[in-house]
Amino acid sequence: MSAELFKKMAQSIIDGDSDVSVELANQAVAANIDPIQAITEGFVVGVNTVGEAFANGDAFLPELVMAGEAMKAAVTALEPEMAKRGTQRKMLGKVVLATVEGDIHEIGKSLVGTMLSASGFQVFDMGVDVATTKIIAKVKEVDADIVAMSALLTTTMVKQKEVIDVLDKEGLRRKVKVMVGGAPVTRDWVQRIEADGYSEDAIGAVNVAKQLMGI
Amino acid sequence: MQPKLELLSQVLIDRVLDEAFQLMLKPGIKVQSGEARTLLAEAGALVDANSDVVRIPEMVVRKALETTPHTFNLYDRNGNPTVFYGGDAVHFDPGSSGVHVLDPDTLEHKPSYAADLMRLVKVTEMLPQYDAQSTAVVCNEIPKAVGDLYRLYVVLLFSSKPIITGSFSIQTLQSMIDMLGIFAGSSSALAEKPQAVFDVCPSPPLIWSEFGSQNLIDLARAGVPAQMVSMPLAGAAAPVTLLGSVTQHAAECLSGITIHQLAKAGSPIVWGGAPAIFDMRKGTTPMGAIETAMIDASYAQVGKSLGLPTHTYLCASDSKLVDAQAGMESGISAVIGALAGINMISGAGMLDFLACQSAEKLVVDAEGIGMAKRLLAGMQVQTENLATALFEGINFKGDFLKQKITRELFAKEQYLPSAVIDRDSIRGWQAGGSKDTFARAKDRTTQLLKEYQQPAMAEDQKKELQTMVTKLARDAGMDRLPDL
């Protein structure tokens, strides 16, 4: 019976249907199925299927994003049960994500967030126009493994460097990896500010994050 | 008769405007400048103090539209009006603010420096197809705080054409206006005969940032033309439908015009943009997509229905090389922009989603622009009768080459391309080294740079400009300007 349910779960992610994925998550709880098993044998299978199809050019961003949203909704629905059982989904790492101060570009940053969290990272998306001090405070608060910063303007890129400088000053730089992205971000810039990684797109960002975590 | 492309019926234009006015009430426009919100509130808009959202009634916008000039000129440094914003006049300029240049030898996309900008400006100066210059790339060695005004400085040094530019901050705008004022005589003289138009960008969807709104206000008060560059990204930062994006564009521009005219009624402002569709495979914003050009032609039609001057971003490509895709996308979109009668079409020279400029591509694009402009000139009646008189003495022989009228009219009837366009025989082409378009463009670029002569500039003006920019650069922590 669970096999049938897991298959439906995967399909709900492929269909990008949050209503169905939440409904199936609730069914799993009612049937006393381990939520971790529901995630790994059900929903994640769907995420991987869409991810692969996207990589092959057979799926498109709206499908990928909606799959990510359906996944997020399902996991949220399973969280109370996980808490009750005292179990936790094993995450790949904690990422603090933001578009830097003065910059309100959201699309690329949010895509990276969706992809990272669908791939198993715990993402703290702070939104856009986030001051350096706030980013640093969040890094400390959640004990982040990675800071990922987006900047789409040549005028705001410099804030990426500012965050790195402050991390350095506060003695956090060795502990926290830094990823940067955004249209004006070049390899040259990445080297100049001594960031650890950058990617041209959201799927690439997942690979970079995994590399930085040694996965 | 200038040929025209119109994608919207009058009924659709009315629907776009009607829904744009609805959007300005619900959800409203987010205006992040306190001064702009005050101006709007005083004019009768409703401001939500907690969210910075302003609901702007149609009446307030209509009043602003009444005072917006329908035409204005841009002047070259010698005070000649060479660019006309208004009606169906069409002009082209290179795309702005690239961060890379294409190295013509290694084909690498390299970060751009002051010397690269100078090279682009010189090539643009030599090509009559470009009616205006742009501050085409950022200069990587220049501190960000003065990057915008330094670009303008390079253009002023090496060109006398009108300029499409823009500031990177609220503070530097005034310095840039002062720089232009040196040549106009004063800032009020600059308002009389502007040499530059300043791009100002709303942030999709439906947001005027503090920087954007403040630039609108400051430009209006200075009387220097503002050019709104609204960029709905269909399917990401705008509705996925092309018409939904055109409607969002209208709401962003109408609210911009309202802020601008409230700051100073009668100042010139352009209905412009750089929209794109969103590529659903790569998450990129293709400027060479046909749908991007369709959004542009349509929003221009909406702007024209209000009698406004227009601008857009076309003649660019997403290819990484100056190759077949680059030629196809730039050529097709240049023709669409021209047929749409858009007053200023920025984008030539650009590759890679407006990130990379190429002087060699500017040279190729100039030919596409030449052809587009020829198309606009249309079918002309050059002779009293169309053919009959020309047949006198012909007697079934192909002797038209011998006619005086042929010699007189061929250069009027035909656009005469440079050697970048290959119309040689196969043997002639082989004898010339069997070169492809890019190789021919490289040759021509080298030739143009060799022939280039710096336009004269009065010594005292040059000195004043250099002193001003050197001081501003020093304040930003740069001891001396790069040698050019």
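Data overview
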quantity: Only listed residue being under 30 Å from B:Gly34 (Cβ atoms), within 13 Å of chain A (Cβ to nearest Cβ) and small (Gly, Ala, Ser), chosen from B:Gly273, B:Gly212; calculated: B:Gly212
quantity: A:Leu97 being over 10 Å from A:Met149 (Cα atoms), crowded, with 20+ Cβ neighbours inside 10 Å, touching an Asp or Glu at 6+ places or on another chain (Cβ under 9 Å) and in contact (Cβ under 8 Å) with a residue 40 or more places away in the chain; calculated: no
quantity: Lone unmet requirement of (1) touching a helix residue (DSSP H, G or I) at 6+ places or on another chain (Cβ under 9 Å); (2) of a type in the set (A, V, I, L, M); (3) within 30 Å of B:Val335 (Cβ to Cβ) for B:Ala43; calculated: (3)
quantity: Of the criteria (1) in contact with a helix residue (DSSP H, G or I) (Cβ under 9 Å, 6 or more places away or on another chain); (2) away from chain B (no Cβ under 14 Å); (3) of a type in the set (Gly, Ala, Ser), which one A:Ala202 fails; calculated: (2)
quantity: A:Thr154, sole failed condition from (1) under 19 Å from the mean Cα position of the chain (by Cα); (2) closer than 30 Å to B:Cys201 by Cα; (3) of a type in the set (Val, Ile, Thr); calculated: (1)
quantity: Count of region A:66-113 residues which are in a helix (DSSP H, G or I), more than 30 Å from B:Phe168 (Cβ to Cβ) and either away from chain B (no Cβ under 14 Å) or under 11 Å from the mean Cα position of the chain (by Cα) (or both); calculated: 18
quantity: Extreme residue, surrounded by the fewest Cβ atoms within 10 Å (Cβ to Cβ), among residues of region B:318-337 that are of a type in the set (A, V, I, L, M, F, W, C) and assigned to a helix (DSSP H, G or I); calculated: B:Ala324
quantity: Failed criterion for A:Leu116 (all others in (1) more than 14 Å from every other protein chain (Cβ to nearest Cβ); (2) at pLDDT below 95; (3) part of a loop (DSSP other than H, G, I, E, B) hold); calculated: (3)
quantity: Region A:193-214: number of residues that are closer than 23 Å to B:Leu354 by Cα and either in contact with a His (Cβ under 9 Å, 6 or more places away or on another chain) or assigned to a helix (DSSP H, G or I) (or both); calculated: 4
quantity: Any chance B:Ala340 is among the aliphatic types (A, V, I, L, M) and buried (at least 24 other Cβ atoms within 10 Å of the Cβ); calculated: yes
quantity: Condition check for B:Gly44: among the small types (Gly, Ala, Ser), more than 14 Å from chain A (Cβ to nearest Cβ) and without any contact (Cβ under 8 Å) to a residue 24 or more places away in the chain; calculated: yes
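Yes or no, residue by residue, for (1) of a type in the set (Val, Ile, Thr); (2) assigned to a helix (DSSP H, G or I):
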position	(1), (2)
B:Ile369	yes, yes
B:Leu375	no, yes
B:Gln382	no, no
B:Leu386	no, no
B:Gly398	no, no
B:Val420	yes, no
B:Ser434	no, no
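The values are calculated or read from the model by the stated rules, or taken from the named source; none is laboratory data. Since the structure is predicted, the reported quantities are computational estimates derived from the model, not experimental observations. Positions of Cβ are backbone-derived with ideal geometry, glycine not excepted, and every protein chain shown enters the neighbour counts.
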